[in-house]
Structure formats: structure tokens, C-alpha cells
There are 2 protein chains.
Amino acid sequence: MLQQEIRHELLAIVGNEYYKDDAQALVTHSYDGTPMLQALPDGVIYPANTEQVSAIMKVLNKHRIPIIGRGSGTNLCGGTVPVEGGVVMVMHRMNRILEVDLENLAAVVQPGLITKSFIAHVESLGLFYPPDPSSMAISTIGGNIAECSGGLRGLKYGTTKDYVIGLEAVLASGEIIRTGGKLMKDVAGYDLTKLLVGSEGTLAIITEATLKLVPPPKFKKTMLAMYKDLYGAARTVSKIIENRIIPSTLEFLDNATVRVVDDFAKLGLPLDMEAILLIEQDGELEVVERDIARIEEICRSEQAHSVSVAESPEEALKLLTARRSAFTALARLRPTTILEDATVPRSKIAEMVLEINRIAQKHQVTICTFGHAGDGNLHPTATTDARDQEEIHRVEAAFEEIFEAAIRLGGTITGEHGVGLVKSPYLEWKVGSAGIEVMKAVKQAFDPHQLLNPGKIFAKQSRKRVVLQHG
Amino acid sequence: MLQQEIRHELLAIVGNEYYKDDAQALVTHSYDGTPMLQALPDGVIYPANTEQVSAIMKVLNKHRIPIIGRGSGTNLCGGTVPVEGGVVMVMHRMNRILEVDLENLAAVVQPGLITKSFIAHVESLGLFYPPDPSSMAISTIGGNIAECSGGLRGLKYGTTKDYVIGLEAVLASGEIIRTGGKLMKDVAGYDLTKLLVGSEGTLAIITEATLKLVPPPKFKKTMLAMYKDLYGAARTVSKIIENRIIPSTLEFLDNATVRVVDDFAKLGLPLDMEAILLIEQDGELEVVERDIARIEEICRSEQAHSVSVAESPEEALKLLTARRSAFTALARLRPTTILEDATVPRSKIAEMVLEINRIAQKHQVTICTFGHAGDGNLHPTATTDARDQEEIHRVEAAFEEIFEAAIRLGGTITGEHGVGLVKSPYLEWKVGSAGIEVMKAVKQAFDPHQLLNPGKIFAKQSRKRVVLQHG
């Protein structure tokens, strides 16, 4: 618990109702979507507006108390676990859509807004906000910005970064900065907007975002292609792109994932396939029909065992929902589910999946792989049991080798989940020691007293890691 | 001239042929595309590869000599004028396309590559690199990255930033960093790639870039719409976007620009129009035809005086070439041409053009305005004479008011040309003093001895500004 003096300063800003440090509040905010990580904060605060965020930052800065910004805590990298204590700042009260500007195709929103409700709102106005992380029914725009969330539509439409064109943010000093605006072009100084996106709450607290919207696709079609040969599926992915077709979704599920998803969603999928591709194209009717026909041809030329186009939007939705349920379905198998995020150039997908299988076998662990094949962003997922220390060590050893393989194939340790706590020991593998030094210097430039989400991105010897049981 | 010791160290790296400090070399590299700015460097160096860049940086860092990276020097913000002396590093020897990866739709290139030759090469492979700054026949990819160049296709396709997915760069210390890769998703630490794009050579020297390529549009159509009423043209711009159509090009020329361009390109345009829109759509045939038909309707509904669709690719090319010639055509009028870059949300274009006209009249200066209406990026251009100090003061006073108006309308001081020397006094108007402080801290993090392109982006009292005569 914070000293009384500091508590009083915080209570004076937000009122009694919005600063909590009872056991329930502290435990609730001691973990996030990441398994096996927990650390108690000293307090939890719920600001109502930017001025309160600034006033809170000034108090915490004065007393050198860490601050951890938090949306819904759905991240999978330990990004919001308060490993060095401090105050968790929950942004849920700042959840309004401030403006949808139809002339400039831009929206101004607060960080606590739930992503899916934002998407639904702009769709009701005939517009489109493409980033669609699997967590979108729960996660917030602010959290998506902090982690630079991706999703199923990333291949064609890009990720959160591509849609954030302006920010208001509060620095560690409490000062408020504004970056960008309703502008498609702005080169006035360094691009702080894109620097803050994906900075995982370590550089500033985002209090407002200006988001780019695009015209919605008029039509879409969904199809499934099944393969007895993994390479056939991987070659299909490369060949579609080589044929200058960029589908809106191009998802991969391996045999193990198909079995689990089918059991969960009762789709009646064949269980003897090595790989299934779920492919969607959107746009103008003629273009979608032509692309889907061409993709069908490509699938068949790569010896797909079967290819089927969804007959109706309901059937398409059912397939997509099944894919989105992969994490949930896998989580039913065993007490602990560790979903990872290794990413490779798309031409290396088959190699990477085979590497994952080889590594899993070597360490005698169960790893199912699914993910966004079109952009090489795979989610090898281990089903395990955190109570079994010996097995957990084997899982961790396997993931370490998986990260190593991704880097070796020209990939990265994280495509869309962030570094957080979980991947910080591996960051240097991707960016090198000179890269780490530059990033640390940038961190120091924004946050000289290391108060913003400390312990994240950069590995520290001092990090606490408390293994608890979930699920 | 540098001390003999330092000269010898540099000569030992690149050989006699590739370090020059004779009068011709120094004068040639004392200015760039920006009028009225000149300062002599101490030397000019031409590295052959990344290792040489690193070795040169180490020497210059040790002796605390400024270094100014330079491509073709076409920038319009004084970005490569060596205002604090030092060594200009010309990247022309590092001009190779290292790889075009058809499976991953990515290219790896060196910074000295001429943009237009790169575009032509990827087009010959059936691919598309959209950023098309007007300087592209001369400017380099490295220069485009340093300034985050835009162009006519920015509205639909984005700018240079959207296509740079990986970089190799040499830090002030001489250390080499690599960022990103052939990856559509990568969130391993801060996004140094996007931070370096548009950093104007003040954070690192870029030695290699990985660029995203896209499938080329299959078809395009070009049209002209002429208006006696400026507001009709501006409303057309907003209405096209509101109708969920994003044209590949949506250019605006005011009456003064039309007169000059017509005289230059002999197009036989009517000279009594207040505004002309040059509109292009690309994509699949059906979509292009439908969009162009709808745009025609919108133009007519906004009282366009005439609307004409180019009958042939040759006619379309002629129109586009005429638009691209605007700067050249204007430059013939008087000895000095100052092309500016104020940008506003696209809904504010009419207001901004009227403001520019009012301000020009108030200061009794000639300012023609053209630019990328679709993304609000206008190029108010003064034709003047640098020998007439009194007139130049009036021009500068007018531009100061123009920047102020752009900011007031929610815009920015530069959409695609960069801050450099010319706009550094105005940067605070856009980003605020807290924004400037953060940017300075980032600069300090990368370049603690202020050696990389000093005097740029951040206004200094100490800056030298030598007014010379060009043209």
C-alpha cells in the first residue's frame, strides 16, 4: 500500500470511488491474459479524463511510483502485470467515441473504448476500421495501440499502427503532448505517433487517439482448403501472393488445432488433414469472385484434398468463428495454455511449422499451431499444466528453440502480441545489442525515472516471476 | 578543410578518389533544392558500402565532426545544407537493388538508388512501389526515406513510411543496427523503422532498406474537372471521399497555376477557371469505370464547368505530366521559386486556399497554389526574386501566416517536404513545447554529440543563413 500522503493526493484527484487498494482490487489487477504471471500492485486508479491522468502522473512522478496503464488486460505477454508494484491505471472510464468525421474519414476516441463496439459503430455509419485482434470483444483501443495489435485482416489491411494517425498522451512528467491529427500526411518532426504505437505503455499513457477509417468492402467470400500435405498448404499461401492476390484473410490451422476446434465448434471437419487454410477475400463483387475462383485453382494445383466455398454468410461466419475460437478450444484441453507469436516471412511458413513440430517432439510437449499464414504470423500454442514444473521447463525450452528458429528464418519473436515480460529475454536475438541500447536510450528520453510500466520490453535480472495456477 | 590527420583517416577508408575537398566539390554540396540557402561543407565523401559508412562515422565521431547524409539533394527544406560545416556523405555509389523477393513481395535496396529507376524495375516484374514524389526521376530512395516523401498517389496508397518495413542504419557511434525485415507484422520493441523514416538524417545514416511491394493496379483512368467556383471544387473533393471512393490521385490546381502550366505544357486549358481537379482512379476495370462515372456525377452536381475523361493513356499521361511540371513551369516566371507544403484536413481545403489568397494579397506577393487535394497537402508556391530583400521579407511574412492558418485549421506545417532548416522555427506551433522537448530527447538518445545533420528540425539561434541567388 502507498504511503497515506500519496493515497490522499490520488484520492483528491479522482475521488474516493476511483482509487482502490483493497485486496480484491489488488488481486484482480495482479495478472492479465498471460498464464503463470502475477504480481500485486500497490493501488488501482480509474481516471475520468486527460487532466486527471496528468495530475496522477505528476503525483506518481514526484514520489517515484511506477504506473501501469491498463485496458482490459487481455494481452499475452505479461504486458500489464505490475512486476515492480506501483499503481495500475485502468482506462475504462475514458471509453467514449468523441467524433466520427465523415468528411475526413477519421474518428477520435478515448483509450478505454472496447474495440468491437467501435468497429460496430463505424460499420453502422458505413465505414470500416480493419484491425481485428481475436480479443476484440473484450480488449480496448488503448490496449490495442499499446501492443500494436494485429488480427486476421492484417495481411490485406495492416495492423493497428496503420490506422493511428494522431494521439494525445501524457508523459511521465505529467505533461500532455499531441501528435499527428486528421492528416494523411504529416512530417513535422519525428513520428511520435508511430513510436508510441506498440510501445507497451513504457513511454507515455495514451489518453486519446485519432484513427483512420476506410470505405468498407462491399462483398466477401470465404473458403476452406484442406491438405494432406503441409507443404501443399504452404505453397498455396506463397502462390496466392505470387499471383498478385492479397486475400483479406489467409489463416492456417494444423492437424492438432483442427481436431480441437472441430470438437469445440462441431463443424464436422475431416480429422486426417495435415493443414487447413481458411481464406477470405473482400471487395467488389466481380473482383472477389474472380480472386476466389483463381485461389480455388491454385489450391487444387497444390493437391488440396478438398476445397469448399461457403454457401452463405452464415456458413462463412461459422468458419471464421471456429478459427477465432482456436485459443478457447485449446484452453479446454489442459489447465494451462501458452499461446506464442513467432513470425516468419510468409515464404518460410512450412519450414517453420515443421521446425515447431520437430522441437515439440524433441521436448515431448504438445504444441498446436495456427495463425495468420498470409503474413507469416504463427501462433504455436502449448497445452500444459503450470503445476508440473518439470513439464513447464520443457515447454519453455521448446519455445526458446522456436524463437531461435523464427529468427534464423528471417522472422521475429513477436508479430502482434508484444514483448512485455515474457519475451524480453529474447528481444536482443531480434534487434541486437546495439538495437537494445538505442531502444533503452529512447526509453530514457521519455521516462528518465523508469516509472512507466517498468520491467517490460527490456529484460531485467531483478524481475519477479511468480508462478500461479490459472484455469 | 578538415585537419590533415582526419583527412588521412577518411582517405584511408574510401581511397583518394572518394573523398574530396576541392572548391568545386564543396560548392556543389553547399546547397540543395531549397532556394536561398547555402553553407560550405568541409569535405565530401562517397562510401561504397555499410562498413565504410561505419568506419567513417567512427572517425567523425571521434573528432566530433558533423556528418550530413545526402542523396540527390532535391529536398525543399534545406535538409542537406551543411549549416554547421562538416562532411557531406553522398550515397550515390550505394545504389543497387540487392533483391526483389517475389514470394514475400519485398525488395532490398541501397539508399543511393534513384526512385524512378526502382519503380520501373519492379514494374517490369509485375509489381508496384507506390510512393511517387515529384522529384522521383532524380531523388533517391534514401533521400525519400529521410524525408518520408509523399507524392500524387499518397491518398490511396500512403507515403514512403508505409512501404519501409526494414532498415539497416549506422548510428553516430558507428554501430550498425538492423530493424524490421521481410515481415508484415513485427512488434519486437520500439518501431525504430518508422522512427528513422522522416528523421531527416538526424538520427542515423540509412545504408539499406527493405521495401514492401504491392500488386499493381490493372487499369487506370484519368479525368479533368474545371470549376468557376473554388468551393465547388473543394466540395467535390470531400464528396468523393464521403461517397467511399478513394481515388489514386486527386490533384488541385488554382487559376494562377493553371495559367502557368498551360503556357508551359501547351494543353489549351481554359484560363478563366478558379480551380481544376485532376483525378485518377486505378484498379480492376469494372471498379475504375464505376468510380469514374460516379466521380463525374459528383463533379457535375457541384457545378463543374466541364468534365472530361482522358480518351487514351497518352492523353492521361500528358495531363499527369502537366501537373508534375507545375513546379518547373512556375520556376520560369521569376528568379526565385519558394514551394511550400502546408497541409490541412481535406475538409478544410477551400478555406485554406482562400486564406492563402487573402494572405498573398495582404502582403502583395504572388502565390500560386496546387497540390494533393485528396489528402489536404497543398503546395502554395511563391514566385519572387531573392535579390529583392524587401520582397523576400514580405514573402516570408506571408508564409508565416500561411503556416499559422494551416495549424489553426487542424493542419501541419509540412505534409511531405520535411522540417529541415526552413521550417524549424515553426515546428513548435505544431507539436508544442513538450513535443519539441521529447523530440530533442530522442535526438539526444541517438546522437549525444549532435553530429548527425546538425541544425535541422530544431531551430537554433546559432544557425547561419546565407542568402544566395539561384536561377
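The values are calculated or read from the model by the stated rules, or taken from the named source; none is laboratory data. Bear in mind that the values here come from a model prediction, so they are computed numbers and not experimental data. All Cβ positions, even for glycine, are placed from backbone atoms using ideal geometry, and neighbour counts span all protein chains on display. Remember, those area values only see protein heavy atoms, side chains included, never the ligands or the DNA or RNA. Shrake-Rupley method; radii C 1.70, N 1.55, O 1.52, S 1.80 Å.
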Select from segment A:395-410 the residues that are among the β-branched types (Val, Ile, Thr) and buried (at least 20 other Cβ atoms within 10 Å of the Cβ) and write down the one among them that is nearest to the other protein chains (Cβ to nearest Cβ).
A:ILE402
Evaluate segment B:109-121: report whether one residue or more is within 14 Å of chain A (Cβ to nearest Cβ) and surrounded by 24 or more Cβ atoms within 10 Å (Cβ to Cβ).
no
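For B:ILE457, are the conditions met, namely being within 30 Å of A:GLY435 (Cα to Cα), open to solvent by less than 10 Å² (accessible area, probe 1.4 Å) and within 14 Å of chain A (Cβ to nearest Cβ)? Don't jump to the end; show me each part of the working.
Details: within 30 Å of A:GLY435 (Cα to Cα): yes; open to solvent by less than 10 Å² (accessible area, probe 1.4 Å): yes; within 14 Å of chain A (Cβ to nearest Cβ): yes.
Considered against the rule, which asks whether it is within 30 Å of A:GLY435 (Cα to Cα), open to solvent by less than 10 Å² (accessible area, probe 1.4 Å) and within 14 Å of chain A (Cβ to nearest Cβ), B:ILE457 comes out as yes.
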Give the number of residues within segment A:304-330 that are over 30 Å from A:ALA382 (Cβ atoms), of a type outside the set (Val, Ile, Thr) and not in a helix (DSSP H, G or I).
4
Kindly indicate the residue of segment B:227-257 that is under 24 Å from A:PRO217 (Cα atoms) and of a type in the set (Gly, Ala, Ser) and also farthest from the chain's Cα centre (by Cα) among those meeting that condition.
B:SER238
Of all residues in segment A:78-102 being assigned to a strand (DSSP E or B) and not acidic (Asp, Glu), which is nearest to the other protein chains (Cβ to nearest Cβ)?
A:VAL100
Counting residues that are within 14 Å of chain A (Cβ to nearest Cβ), within 21 Å of B:ILE97 (Cα to Cα) and open to solvent by 10 Å² or more (accessible area, probe 1.4 Å), which strands (runs of 3 or more DSSP E) fully inside segment B:197-259 reach at least 1?
B:205-212
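On the given criteria, is B:ARG178 of a type in the set (Lys, Arg), surrounded by fewer than 24 Cβ atoms within 10 Å (Cβ to Cβ) and within 7 Å of chain A (Cβ to nearest Cβ)?
Values: of a type in the set (Lys, Arg): yes; surrounded by fewer than 24 Cβ atoms within 10 Å (Cβ to Cβ): yes; within 7 Å of chain A (Cβ to nearest Cβ): yes.
Criteria met by B:ARG178.
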Quick count over segment A:411-427, residues being over 13 Å from A:GLY371 (Cβ atoms), facing chain B (nearest Cβ under 9 Å), open to solvent by 10 Å² or more (accessible area, probe 1.4 Å) and not in a helix (DSSP H, G or I), is 0
Count of residues meeting criterion [within 14 Å of another protein chain (Cβ to nearest Cβ) and in contact with an Asp or Glu (Cβ under 8 Å, 6 or more places away or on another chain)] in segment B:310-344:
3
(1) open to solvent by less than 70 Å² (accessible area, probe 1.4 Å); (2) of a type in the set (Asp, Glu); (3) more than 24 Å from B:VAL187 (Cα to Cα); (4) in a helix (DSSP H, G or I): which one isn't true of A:GLU280, the others all being true?
(4)
So which residues in segment A:178-221 are touching a Gly at 6+ places or on another chain (Cβ under 8 Å) and small (Gly, Ala, Ser)?
A:GLY180, A:GLY181, A:GLY189, A:GLY198, A:GLY201, A:ALA209
Please find, within segment A:260-277, the residue that is surrounded by the most Cβ atoms within 10 Å (Cβ to Cβ) out of those that are among the hydrophobic types (A, V, I, L, M, F, W, C) and not in a loop (DSSP other than H, G, I, E, B).
A:ALA275
Open to solvent by 10 Å² or more (accessible area, probe 1.4 Å) and not basic (Lys, Arg), is that true of A:SER135?
yes
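Condition first: within 11 Å of chain A (Cβ to nearest Cβ) and farther than 27 Å from B:ASP32 by Cα. Can you find one or more residues in segment B:137-150 that meet it? Outline the logic, then answer.
Filtering segment B:137-150 for residues within 11 Å of chain A (Cβ to nearest Cβ) gives B:146-150.
Filter again for farther than 27 Å from B:ASP32 by Cα, leaving none.
So far as segment B:137-150 goes, no, none of its residues is within 11 Å of chain A (Cβ to nearest Cβ) and farther than 27 Å from B:ASP32 by Cα.
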Which of (1) touching a helix residue (DSSP H, G or I) at 6+ places or on another chain (Cβ under 7 Å); (2) under 20 Å from B:GLY150 (Cα atoms); (3) more than 10 Å from chain A (Cβ to nearest Cβ); (4) not hydrophobic (A, V, I, L, M, F, W, C) is the odd one out, the single condition B:HIS363 does not satisfy?
(2)
Consider A:ILE298 against the criteria (1) of a type outside the set (Gly, Ala, Ser); (2) surrounded by 19 or more Cβ atoms within 10 Å (Cβ to Cβ); (3) in contact with a strand residue (DSSP E or B) (Cβ under 8 Å, 6 or more places away or on another chain): it satisfies all of them except one. Which criterion is unmet?
(3)
Here is a list of conditions, (1) assigned to a loop (DSSP other than H, G, I, E, B); (2) surrounded by fewer than 24 Cβ atoms within 10 Å (Cβ to Cβ); (3) in contact with a strand residue (DSSP E or B) (Cβ under 9 Å, 6 or more places away or on another chain), and A:ILE338 meets all of them except one; can you say which number that is?
(1)
Selection from segment A:1-60 of residues among the basic types (Lys, Arg), part of a helix (DSSP H, G or I) and either within 27 Å of A:GLY78 (Cβ to Cβ) or assigned by TED's automatic domain parsing to the domain that holds A:ALA386 (or both) yields A:ARG7
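I'd like the full set of residues that are at positive phi and open to solvent by 10 Å² or more (accessible area, probe 1.4 Å), limited to segment B:342-394.
To start, the set of residues in segment B:342-394 that are at positive phi comprises B:364, B:371, B:376.
Scanning segment B:342-394 gives a single hit, B:GLN364.
Name the residues in segment B:183-196 that are more than 7 Å from chain A (Cβ to nearest Cβ) and under 19 Å from B:GLY79 (Cβ atoms), would you?
First, pick out the residues of segment B:183-196 that are more than 7 Å from chain A (Cβ to nearest Cβ): B:193, B:196.
Correct list: B:LEU196 only.
Could you grab me the full set of residues in segment A:140-170 that are farther than 30 Å from A:LEU320 by Cα and open to solvent by less than 10 Å² (accessible area, probe 1.4 Å)?
Our first condition is that a residue be farther than 30 Å from A:LEU320 by Cα; within segment A:140-170, this holds for A:166-170.
Selection gives A:GLY166, A:LEU167, A:ALA169, A:VAL170.
Looking only at segment A:40-81, filter to residues that are among the charged types (D, E, K, R) and in contact with a strand residue (DSSP E or B) (Cβ under 8 Å, 6 or more places away or on another chain); which one of those is surrounded by the most Cβ atoms within 10 Å (Cβ to Cβ)?
Step one: list which residues in segment A:40-81 are among the charged types (D, E, K, R), which gives A:42, A:51, A:58, A:62, A:64, A:70.
Still in the running and in contact with a strand residue (DSSP E or B) (Cβ under 8 Å, 6 or more places away or on another chain): A:42, A:70.
Values: A:ASP42: 18, A:ARG70: 28.
Of everything passing the filter in segment A:40-81, A:ARG70 is surrounded by the most Cβ atoms within 10 Å (Cβ to Cβ).
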